[in-house]
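Notes to accompany the following structure.
The values are calculated or read from the model by the stated rules, or taken from the named source; none is laboratory data. Owing to the predicted nature of the structure, the values given are computational and were not obtained by experimental measurement. Every residue, glycine among them, receives a Cβ derived from its backbone with ideal geometry; neighbour counts consider all protein chains shown.
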Amino acid sequence: MSQERLTNQDETVSSGENSADPTSEPLVDSAIEVPGKNATSTGRTILRAQSFDVYYDDVQALQDVNIEIPEKQVTAMIGPSGCGKSTFLRSINRMNDLIDAARIEGELYFDSKDVYDEDVDPVALRRKIGMVFQHPNPFPKSIFDNVAYGLRVQDMDVDEQQVVEESLKKAALWDEVKDQLDKSALDLSGGQQQRLCIARAIAVDPEVILMDEPASALDPIATSKIEDLIDDLAEDYTVVIVTHNMQQAARISDKTAVFLTGGELVEFDDTEKIFENPEHQRVEDYITGKFG
Amino acid sequence: MAAETPSWAQQAGQVSRLRGRAFEAICLASTSLALVSVMVLLLFVANDAFRPFEAEPALTFAIPVLPGLELFVVPVVLPAYLLVFGATLGLPVALTALYYYRRDDPAGEVAYATLGLPIVSLLVSAGVLVMFIEVLTVSELFATELALLVAVGAIYGHARLRPRKAVERLAIIIVAPVVALAGLPPAMFNDIVNGIAGLAGVGPVLTTRLFSVRELVLASPFLPVRWVMLLATVTLPVVAIFAPILARRRESREAGLALGGLSMIVAALGLVAAPALGVGSDVWIVVASVTVPPLAVYVEGVVRRREGMAGLAFPLVLIGGALAGWLLVQQVGFGMPDPWLDWGFLTNAHSRFSAEKTGIYPPLVGSVMMLFAIVILIFPVGVGAAIYLEEYAPSQGLAGKFVTLIEINIGNLAGVPSVVYGLLGLALFIRFLSMPVGAIIVGALAVGLLILPIVIISAQEAIRAVPDSHREASYGMGATRWQTIRDVVLPQAFPGILTGTILALGRAIGETAPLLMIGMPAIVRRAPDGFFATGSAMPRQIFRWSKEFDPLYRHGVLAAGVVTLLVVLLIMNGTAIILRNKFQREETA
């Protein structure tokens, strides 16, 4: 299995101290201005897109996206349906590679490495950038096997028992399932399943967790649990979350990116600023519900 | 309070429902026509095969269709034994079935499975026994299994000791089975080289070779006695499959060990009990090993779930009823019918002189061997192709168009007449590759190619049914494509693949035209003793009987053959249905 590991994993996921590359300089502004709970974190840029375009066949889904996502904070992406926010999210860990029709242009840096460089193995990239999907999608396996799946496929040399327990605790699910780890994950409720998916994603200790509308298929109580969880996760991980729910974005995120129709990133700033005093009229219209 | 019906509640005057009703009636008529014609055919054949109404004494009476008109009178013959069996077997069975249907739905399913499982197990054990009688000796199987065990042990041992050496492991995976089963170099290779050397006028070049584990075991003077080998080769593998299932379900090693021990003891009991019953101890050991573990696991599951336990009584009702009826008939002295399809029919070969003594044994064995060969040859190829087409093949651009073209053509191949595959078999395998005419393996290849597209298509459907979200989840956690296929896609698609394959095999067992084309003989007096031996198959033999001059062959024997074929088919389809239901339940649970 070792040959499946990429050639240059280390480069891709280097610890990020390469300040020699000017493009990876931290975003000074964001480090100062970010309010709220994570204000103490460095705000170092971990993901940076530059003139980033995505096409599906001939249709342009994203145009000229420039964004710098800070480390260990929650960045929300909002916008109307079909505006390309999910496309952008799935471009970050190259899930769009699975769609043959997708084609990208421009650069997207994780740490200081363009993830679309030819020497980047998407499998290695996804080991550092985990993902949680819109609909809870646990495997039809036991709860334990679900969480341990990532450890097994990555051939990680760790104590499975311990990592599974820690991940489930981090995902606030341990107390509910500790006596039934052997049961099928499909027996859990929708909210529990989604937390299981989060536990599964953090078990392999990624740096970034991408969430594609993680609460949109859940009821309000389950949603609020997920939101609390995202809050906690931001202490250890960078969270990028796509959501349709603007209140949710306002509640949980430190920074917000607004995509509008045509795959255009119209505004990206501190969440507070976006919701209280956006620069663009279109963004204000969208947020106040005049459009979209 | 007779409120007047408001006008909106009436049928709207301007909309006629007549056409809808007519359409419904036509659909109903076609369904009934299809069902009735198949039923009539089956009953007709079954009547010929079993002759249930030809036994003395019998009640005879005439039912007048039109009173007063002698011409329209239907004579009815009702043998006495039928009445007895109706009372002891038919009525109780019908009543229990009705009870399950009305009161206890899960019990019906349990009844179906507890009845079906032993039947399938018995058939499998019959297959194993026939294999020992006709194809392999027990010691050969013992040596082969031991050698395989050594090879698997070597592979696992290496993986344990040197886990990161992928190239080494690949070499071991290739070399170990060869050394274990065939030796290095394989005996055939030596023969070929020496043969060429002999032609060139040189003596044998390769005189030494590393003997395979299999050969060493066979040559060993310390081979265990036959029954120990039987227990080791037949009972142990079955136990090794089912004991862990039980252990996992009950979450206790003891349960698994208990099942294993119990099965071994029951099988070994054959040494004492079988001679007393007048069967060979081999028969007992094989039947017990194949029947006891799966049945025990199933019954345990039913008892543990406490759902449908009443269904477990169904086989008892059936067997008890049959036994009681038989004893009663014997006691009173009623005559029993003389069915064409009896034990003798299943164990004899075709006889030119007596329809009564004719049997279907050699073609039955031939058919089963063909099926076995087809599964071994076609299953990996079909599933592999389906995995490639669904998981790897490009879907965009020129290559994608090409893949689409291939898929369409696989669909077309599924519709190619079987005669054409027979021609392919004749031209390719017999003429070009010089394989023996009418050999089991040639039949298996021709019919296998015929069902290959069906296997591919059904496997594709099963793989496609695995939700993409599961693939994405797997990729999202850093799994490679191969890991995703192995750990996520295949486990979920497997039941569907299995069902599709079994249904395709059902088609394979009934194919006749390719067998005619590749020159399968109509009449074989001995069962084939290997895959390269000449053999026949059931449909081929049935076709032959249809052309016999003696009407006894054309009616009785032919019908018995058809029923045998249909029963094998029915059992295969039933297995497919049980498997599908079982796995579907596990998915949704």
Per the list (1) under 22 Å from B:Gln492 (Cβ atoms); (2) surrounded by fewer than 21 Cβ atoms within 10 Å (Cβ to Cβ); (3) within 12 Å of another protein chain (Cβ to nearest Cβ), residue check on A:Asn146 breaks on (2)
How many residues does region A:149-166 hold that are surrounded by fewer than 19 Cβ atoms within 10 Å (Cβ to Cβ) and not in a helix (DSSP H, G or I)?
5
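Table: residues versus (1) within 14 Å of another protein chain (Cβ to nearest Cβ); (2) outside any helix (DSSP H, G or I); (3) at pLDDT below 90; (4) buried (at least 21 other Cβ atoms within 10 Å of the Cβ).
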{"position": "B:Thr404", "(1), (2), (3), (4)": "yes, no, no, no"}
{"position": "B:Glu407", "(1), (2), (3), (4)": "no, no, no, no"}
{"position": "B:Asn412", "(1), (2), (3), (4)": "no, no, no, no"}
{"position": "B:Leu423", "(1), (2), (3), (4)": "no, no, no, no"}
{"position": "B:Met435", "(1), (2), (3), (4)": "no, yes, yes, no"}
Please indicate, with yes or no, whether at least one residue in region B:172-182 is touching a residue at least 24 places away in the same chain (Cβ under 8 Å), part of a loop (DSSP other than H, G, I, E, B) and of a type outside the set (Phe, Trp, Tyr).
yes
Quickly run through region B:128-159 and pick out the residues that are among the hydroxyl-bearing types (Ser, Thr, Tyr), buried (at least 16 other Cβ atoms within 10 Å of the Cβ) and under 24 Å from the mean Cα position of the chain (by Cα).
B:Thr144
Looking only at residues in region A:178-193 that are more than 12 Å from chain B (Cβ to nearest Cβ) and crowded, with 17+ Cβ neighbours inside 10 Å, which one is nearest to A:Ser216 (Cα to Cα)?
A:Gly191
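A quick yes/no check of all residues on (1) buried (at least 21 other Cβ atoms within 10 Å of the Cβ); (2) within 20 Å of A:Ala249 (Cα to Cα):
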residue: A:Tyr55; (1), (2): no, no
residue: A:Leu62; (1), (2): yes, no
residue: A:Lys72; (1), (2): yes, yes
residue: A:Ala76; (1), (2): yes, yes
residue: A:Lys85; (1), (2): yes, yes
residue: A:Ala102; (1), (2): no, no
residue: A:Phe110; (1), (2): yes, no
residue: A:Asp114; (1), (2): no, no
residue: A:Met131; (1), (2): yes, yes
Please specify each residue of region B:472-511 satisfying the condition of being acidic (Asp, Glu) and more than 14 Å from every other protein chain (Cβ to nearest Cβ).
B:Glu511
Collect the residues in region B:190-239 that are part of a helix (DSSP H, G or I) and more than 35 Å from the chain's Cα centre (by Cα), keeping them in residue-number order.
B:Asn190, B:Asp191, B:Ile192, B:Val193, B:Asn194, B:Gly195, B:Ile196, B:Ala197, B:Gly198, B:Leu199
Looking at region A:105-143, which of the residues that are within 26 Å of A:Asp58 (Cα to Cα) and among the aliphatic types (A, V, I, L, M) is farthest from the other protein chains (Cβ to nearest Cβ)?
A:Leu108
Condition check for B:Ala49: within 29 Å of B:Leu558 (Cβ to Cβ) and at pLDDT 80 or above
yes
Flagged in region A:87-100 as of a type in the set (D, E, K, R) and either surrounded by fewer than 23 Cβ atoms within 10 Å (Cβ to Cβ) or touching a His at 6+ places or on another chain (Cβ under 8 Å) (or both), in numbering order, are A:Arg94, A:Asp97, A:Asp100
Out of all the residues in region B:160-185, which are surrounded by 14 or more Cβ atoms within 10 Å (Cβ to Cβ) and either over 30 Å from B:Ile285 (Cα atoms) or in the same structural domain as B:Pro362 (by TED's automatic domain parsing) (or both)?
B:Lys165, B:Arg169, B:Ile172, B:Ile173, B:Val175, B:Ala176, B:Val178, B:Val179, B:Gly183, B:Pro185
If B:Ser289 satisfies every condition in (1) small (Gly, Ala, Ser); (2) more than 25 Å from the chain's Cα centre (by Cα); (3) at pLDDT 85 or above but one, which is the exception?
(2)
Suppose we keep only residues that are closer than 10 Å to B:Gly561 by Cβ and among the polar types (S, T, N, Q) within region B:531-550. Which one would you say is surrounded by the most Cβ atoms within 10 Å (Cβ to Cβ)?
B:Gln541
What are the residue pairs meeting all of these: first residue in region A:86-104, first residue more than 9 Å from chain B (Cβ to nearest Cβ), second residue among the aromatic types (Phe, Trp, Tyr) and in a helix (DSSP H, G or I), Cβ atoms under 6 Å, and 6 or more apart or on different chains?
none
Would you say B:Ala427 is of a type in the set (A, V, I, L, M), at negative phi, free of Cβ contacts under 8 Å to residues at least 12 places away in the same chain and part of a helix (DSSP H, G or I)?
yes
Residue by residue through region B:377-396, note down the ones that are within 14 Å of chain A (Cβ to nearest Cβ), surrounded by fewer than 16 Cβ atoms within 10 Å (Cβ to Cβ) and either assigned to a helix (DSSP H, G or I) or at pLDDT 95 or above (or both).
B:Tyr392
Every residue in region A:196-221 that is within 11 Å of another protein chain (Cβ to nearest Cβ), more than 17 Å from A:Arg152 (Cα to Cα) and charged (D, E, K, R), please.
A:Asp212
Restricting to region B:228-275, and then to whatever is surrounded by fewer than 14 Cβ atoms within 10 Å (Cβ to Cβ) and of a type in the set (Gly, Ala, Ser), can you tell me which residue is nearest to B:Leu148 (Cα to Cα)?
B:Ala240
Taking region B:318-352 and keeping residues over 19 Å from B:Leu89 (Cα atoms) and over 30 Å from the mean Cα position of the chain (by Cα) leaves B:Arg352
Can you give me the ranges of the strands (runs of 3 or more DSSP E) entirely in region A:212-282 with at least 3 residues that are under 14 Å from the mean Cα position of the chain (by Cα)?
A:238-242, A:255-260
Could you tell me which residue of region B:323-368 is surrounded by the fewest Cβ atoms within 10 Å (Cβ to Cβ), considering only residues that are among the polar types (S, T, N, Q) and assigned to a helix (DSSP H, G or I)?
B:Gln331
